[in-house]
Structure formats: C-alpha cells, structure tokens
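The values are calculated or read from the model by the stated rules, or taken from the named source; none is laboratory data. From a predicted model like this one, the values you see are computed outputs, not experimental measurements. Every residue, glycine as well, gets a Cβ built from its backbone with ideal geometry; the counts of neighbours run over all protein chains shown.
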Amino acid sequence: MMIITVLIYSILVLNMQNLKMSIIQFKNENKLPIIVTAIFFFTFFYVSFFHHLTFTESDGIFYYLSGKELISGNIEYTPIIGAPIGGPLLHATLGNILDDPFVAGKIISLLSCTGVVFTSFFITKNLFSRKVALITQLFFAVNPKIAHLSIMVLNEAAPLFFIFISLYYATKKQKFTTTYVLVGIFLGIAFCFRYQSAFILIAFLVYLLIFERKRIFGLRNFCLTLFPFLATISPLLIFNNLILGKFSTLSTNFYFLDLFKFQTESWRQNMGNIVDEGIFSAFSLDPFLFLKNYFYNLLFHNPDHLFKFSVDVYDTLSIIPLFPILGILPAIGGFLYITKINLNKKQLSILLSTFFITFLLIGLFGTLEYHFMLLVIIPLSVIGITNIHKIPNNVLFLLISCIIFLIFISVLPVYRAFHLFPIWLILPALSSLFFIEAIPAIQVKIKQLRHFRGTDDET
C-alpha cells in the first residue's frame with residue numbers, strides 16, 4: 001500500500017506542471033460557463049443554508065433513516081419502493097460524518113445540481129456551437145425546478161448529475177474505448193440511485209446497434225457500454241435478490257393503484273391481490289384499461305409537465321414559464337433547423353397529408369383532448385425520418401433517448417416535472433439553436449429574397 005501511495009505521489013509531482021497548465025487553459029477557454037456555475041452555486045448556497053432551514057420533505061428523512069438501518073445491519077428494513085439503496089447509503093454516510101442529515105442532504109443536492117448546470121454547457125457544446133451551449137446553460141441555471149432540486153433534501157439530484165456525466169461522454173463526436181466504458185459506469189452509478197437511468201442506457205445501446213456505421217464496431221461498443229454498466233450495478237442486484245428475492249425494489253402495481261387516472265372498482269379490487277407482482281400481471285388483468293392509461297400518460301399527462309396543456313398542472317419544465325405551452329415552438333424551430341428541411345411542394349404535401357390522416361385517426365379511435373400531441377409528434381417524426389441523414393449522430397442519440405425514455409416512463413404518470421430532467425436537455429438546446437442560429441439564418445434568407453425581388457423589379 002505504501003509503495004502504491006509513493007508511486008501515485010511521484011506521478012502527481014512529475015505531472016504537476018502539465019496539470020497546472022491544463023487547468024489554466026481550461027479556465028481561460030471556459031470563463032463564462034465557470035462564472036455561470038459559480039453564480040448558481042453561491043446563490044442557492046445562500047438560499048439553502050440561510051433561508052430554507054427546515055426539513056419540509058419527508059423523502060429526505062426516509063432516505064436517511066433507511067440508509068442508517070442499512071449501515072447498522074438491519075437490512076430487512078431498508079428496501080424503499082421505487083428507489084435503490086444508493087441514495088439512502090449516500091445520505092446516511094454523509095449524515096453520519098457531518099452528524100447532521102439535513103445539512104448532508106442539502107450538500108448532496110446543491111453540489112449535484114451545480115454539477116448539472118456545469119455539465120449542461122459541455123454536453124451542448126458537443127452538439128452545437130459554444131454560443132448555443134452557453135444559452136442552454138443559462139436556461140438550466142435559471143430553471144425554477146433545478147433551483148428547487150438544489151435546496152431540497154431529495155434523491156433526485158445525484159442520479160441526474162451522473163446521467164449528465166454519461167451524456168457528456170455519449171455525445172462526444174470522437175469516442176474511444178474508454179468513452180463507452182465511462183458511459184456504462186456512470187449510468188450504472190445513476191442506476192444505483194434511480195432505476196430510470198436504464199432507459200438512457202437502452203437508448204444508447206439502440207443507437208449503437210442501428211446507427212453505428214460499421215456493424216462490428218457497433219457490437220463492440222455495445223459490449224463496452226453494457227458490461228461495465230452491469231458490473232457497476234451488480235452489487236445492487238445481488239443485494240436486492242438476497243433481501244427481496246427479486247432484482248428490483250420497483251413495484252409498478254403499487255403505483256398503478258395510486259396514480260392511474262382511469263380505474264374501475266373491480267380493477268382496484270383485483271389489483272390489490274397482485275400488488276406485489278410484476279407489470280405483466282397488471283397488463284393481463286385488463287389490457288384495454290392498461291393501454292388507455294398508458295397512452296394518456298404518453299401523449300398528454302407526461303408532456304403536460306413539459307409544456308402545461310391543462311390549467312391544473314403548474315409543475316412544468318417549459319423554458320417560457322409565464323406561457324409554458326409556447327416553450328414547444330422554439331424547440332420545434334430548432335428541430336426543423338437541424339433537419340435542414342426545405343418546405344417545397346413535396347415536403348408540404350407530405351406534412352399536410354400526415355397531419356390530416358392523424359387528425360382523422362384521432363377522431364376515429366381517440367379524443368382530441370388527450371391525443372392532440374400526435375398532431376405534432378407524427379408530422380415531426382416524418383420530417384425526422386425523411387431527413388435522418390442530415391441530423392448529427394450525437395444529436396440523434398439525444399432524440400432517441402427522449403423517445404425511448406418517454407415510451408418506458410409513461411407506464412406511469414410522472415407526478416413531478418423534474419423526473420423528466422434526464423431528457424430535458426434537448427429542449428433548451430434546440431431552443432437555443434433556434435434563437436442563436438436559426439433566426440439569423442431566416443433573417444439572411446429574407447434579406448436575400450428582398451434583394452432578388454428588388455433586382456427583378458429594376459430589370
């Protein structure tokens with residue numbers, strides 16, 4: 001051990017000058033994102049530790065006590081429905097070190113959210129220009145839900161931070177062997193806090209298998225990502241299997257009973273008998289009712305937390321807080337910009353026909369109140385598919401992540417908007433792209449058209 005310590009110390013001393021130069025260069029190139037991050041940190045440090053002085057959330061207490069029991073060896077009392085043991089362990093360990101679980105929880109939340117704000121710049125920089133990345137970071141820094149997470153003692157911020165680190169590596173244009181390994185490891189760490197990170201992993205693996213240029217490299221990189229992920233989560237899976245007799249603490253049927261919008265009395269009674277069973281038992285109990293709730297969540301309830309379609313949802317992530325539904329417009333504009341769509345007669349006819357066919361299908365099989373998002377989703381999907389070769393690969397991965405995440409998470413209605421943060425980055429990023437690059441490009445085209453018309457009039 002002593003020899004290893006000496007070797008590490010020697011390496012650090014020998015490379016101290018290079019490390020110092022790298023830090024100076026990093027600071028010089030990224031002054032503004034560092035300043036934005038610092039302002040965010042000190043602002044919410046002040047709010048958190050000088051104004052928000054009470055334990056207003058029961059989850060934080062619950063995680064600490066569960067972790068305390070786990071550390072003491074009373075493992076039969078530790079499982080939490082829907083949450084792995086990573087959060088309780090972290091909260092309890094730091095709470096014991098500081099002898100204050102409240103302060104410990106606040107430190108975890110504040111540092112994690114600060115990390116999210118910081119990494120949001122570099123993820124977006126992987127996708128677009130530095131200016132777009134900076135505006136995206138500002139959207140994160142001023143977002144009320146990020147601010148909320150930074151001061152609350154919850155289990156949401158830490159896994160989000162690790163997901164964002166994985167997104168940084170997953171969106172890099174140039175990837176190496178270690179890049180894929182790190183994606184798997186950081187998603188694995190996030191999984192030990194929240195199971196939702198598995199959806200990001202699935203999206204990345206799908207992306208590798210379908211869109212990797214050479215199939216052999218796709219399979220190799222698939223394994224380089226998956227196996228480190230499995231290795232990282234294996235202690236958690238072993239623990240769950242030993243204590244619960246299953247690999248996950250997630251009980252979907254428990255949440256179905258509490259959160260499904262459409263229910264019948266007979267369904268509730270029967271669900272009570274299978275509450276400890278898996279999702280397939282709930283589906284087989286009443287497939288029609290299950291699908292009715294699923295598509296309601298997918299097409300209305302969960303997007304409602306992004307853009308607020310109904311008057312009774314105030315928990316949204318829209319970049320336009322006063323008029324949340326308007327937040328969808330710049331995101332669509334940014335998406336159309338990256339697809340480089342030319343609105344010629346052929347494209348317009350495809351879009352209009354797709355729109356009217358979708359409208360007809362909604363009238364026949366659904367309701368406009370709950371399924372109107374299809375009028376946006378399907379035409380945009382047609383544009384995306386027909387112009388998929390124009391979309392940069394790293395942006396394509398984030399788009400796939402959004403689709404797959406919503407497909408899986410919509411089994412349940414999202415009851416807190418910040419549960420959608422793992423995929424939220426694409427919305428402010430596309431919106432920033434629209435404001436920074438698309439609008440100036442449109443203005444240039446308008447000037448060119450005016451110039452040509454003026455020339456024609458003169459001739």
Could you check how many residues of region 48-60 are more than 25 Å from the chain's Cα centre (by Cα) and part of a helix (DSSP H, G or I)? 2
GLU29 of a type in the set (Asp, Glu), more than 19 Å from GLU156 (Cβ to Cβ) and modelled with pLDDT of 75 or more: no
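Is it the case that some residue within region 352-370 is out of contact with any His (no Cβ under 6 Å at 6 or more places or on another chain), closer than 25 Å to PRO440 by Cβ and hydrophobic (A, V, I, L, M, F, W, C)?
Scanning region 352-370 turns up no residue that is out of contact with any His (no Cβ under 6 Å at 6 or more places or on another chain), closer than 25 Å to PRO440 by Cβ and hydrophobic (A, V, I, L, M, F, W, C).
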If you take just the helices (runs of 4 or more DSSP H) that sit entirely in region 103-204, which of them hold at least 3 residues that are within 24 Å of PHE62 (Cα to Cα)? 144-151, 157-170, 177-191
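Give the residue, chosen from ILE350, ILE357, ILE341, that is in a helix (DSSP H, G or I), among the β-branched types (Val, Ile, Thr), modelled with pLDDT under 90 and over 23 Å from ASP304 (Cα atoms).
Numbers: ILE357 fails: modelled with pLDDT under 90; ILE341 fails: in a helix (DSSP H, G or I).
Going through ILE350, ILE357, ILE341 in turn, the sole match is ILE350.
Looking for whichever is among the charged types (D, E, K, R) and free of Cβ contacts under 8 Å to residues at least 40 places away in the same chain here; the options are LYS445, LYS390. Which one fits?
Result of the check over LYS445, LYS390: LYS445.
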Identify, by number, the condition in (1) surrounded by 14 or more Cβ atoms within 10 Å (Cβ to Cβ); (2) assigned to a helix (DSSP H, G or I) that THR316 doesn't meet. (2)
Failed condition for GLN269, given (1) of a type in the set (S, T, N, Q); (2) free of Cβ contacts under 8 Å to residues at least 40 places away in the same chain; (3) surrounded by 17 or more Cβ atoms within 10 Å (Cβ to Cβ): (3)
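Can you tell me which residue among ILE383, ILE404 is closer than 30 Å to ARG130 by Cβ, within 23 Å of the chain's Cα centre (by Cα) and β-branched (Val, Ile, Thr)?
Numbers: ILE383 fails: within 23 Å of the chain's Cα centre (by Cα).
Only one candidate passes the filter, namely ILE404.
Any chance region 349-366 includes a residue that's in contact (Cβ under 8 Å) with a residue 60 or more places away in the chain, closer than 24 Å to PRO413 by Cα and surrounded by 12 or more Cβ atoms within 10 Å (Cβ to Cβ)?
Checking region 349-366: at least one residue is in contact (Cβ under 8 Å) with a residue 60 or more places away in the chain, closer than 24 Å to PRO413 by Cα and surrounded by 12 or more Cβ atoms within 10 Å (Cβ to Cβ).
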Return the residues of region 407-434 that are part of a helix (DSSP H, G or I), over 10 Å from the mean Cα position of the chain (by Cα) and crowded, with 20+ Cβ neighbours inside 10 Å; say none if nothing qualifies. ALA417, LEU427, PRO428, ALA429, LEU430, SER431, SER432, LEU433, PHE434
Return yes or no: is SER248 touching a Pro at 6+ places or on another chain (Cβ under 6 Å) and part of a loop (DSSP other than H, G, I, E, B)? no
Could you give every pair whose Cβ atoms fall below 6 Å, whose first residue belongs to region 53-72 and is at negative phi and without any contact (Cβ under 8 Å) to a residue 40 or more places away in the chain, and whose second residue is surrounded by 16 or more Cβ atoms within 10 Å (Cβ to Cβ) and hydrophobic (A, V, I, L, M, F, W, C), counting only separations of at least 6 or pairs across chains? SER66/ILE80; GLY67/LEU89; GLY67/ALA92; LYS68/ALA92; ILE71/ALA92
Which one of these is of a type in the set (A, V, I, L, M), more than 17 Å from the chain's Cα centre (by Cα), under 29 Å from TYR64 (Cβ atoms) and surrounded by fewer than 24 Cβ atoms within 10 Å (Cβ to Cβ): LEU209, LEU236? LEU236
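For THR232, indicate whether it is of a type in the set (S, T, N, Q) and modelled with pLDDT of 95 or more.
Working: of a type in the set (S, T, N, Q): yes; modelled with pLDDT of 95 or more: yes.
Yes.
Residues are listed down the side, and each one gets a yes or a no for (1) modelled with pLDDT under 90; (2) closer than 20 Å to PRO330 by Cα:
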{"position": "GLY363", "(1), (2)": "yes, no"}
{"position": "MET373", "(1), (2)": "no, yes"}
{"position": "ILE391", "(1), (2)": "no, yes"}
{"position": "ILE400", "(1), (2)": "no, yes"}
{"position": "ILE404", "(1), (2)": "no, no"}
{"position": "PRO413", "(1), (2)": "no, no"}
{"position": "GLU437", "(1), (2)": "no, yes"}
{"position": "LYS447", "(1), (2)": "yes, no"}
{"position": "PHE452", "(1), (2)": "yes, no"}
Do you know which residues across region 72-102 are modelled with pLDDT of 85 or more, over 25 Å from ASN253 (Cα atoms) and assigned to a helix (DSSP H, G or I)? LEU89, LEU90, HIS91, ALA92, THR93, LEU94, GLY95, ASN96, ILE97, LEU98, PRO101, PHE102
Region 322-339: number of residues that are among the aromatic types (Phe, Trp, Tyr) and in contact (Cβ under 8 Å) with a residue 24 or more places away in the chain: 2
For region 320-346, what are the residues that are at positive phi and under 22 Å from the mean Cα position of the chain (by Cα)? none
Identify, by number, the condition in (1) buried (at least 24 other Cβ atoms within 10 Å of the Cβ); (2) within 22 Å of HIS419 (Cβ to Cβ); (3) aliphatic (A, V, I, L, M) that ALA92 doesn't meet. (2)
If we scan region 119-126, do we find a residue that is surrounded by fewer than 24 Cβ atoms within 10 Å (Cβ to Cβ), out of contact with any Pro (no Cβ under 9 Å at 6 or more places or on another chain) and not hydroxyl-bearing (Ser, Thr, Tyr)? yes
Can you tell me which of LEU236, LEU230, LEU226 is in a helix (DSSP H, G or I), touching a Cys at 6+ places or on another chain (Cβ under 6 Å) and touching a residue at least 40 places away in the same chain (Cβ under 8 Å)? LEU236
If we ask which residues in region 251-261 are outside any helix (DSSP H, G or I) and surrounded by 16 or more Cβ atoms within 10 Å (Cβ to Cβ), their number turns out to be 2
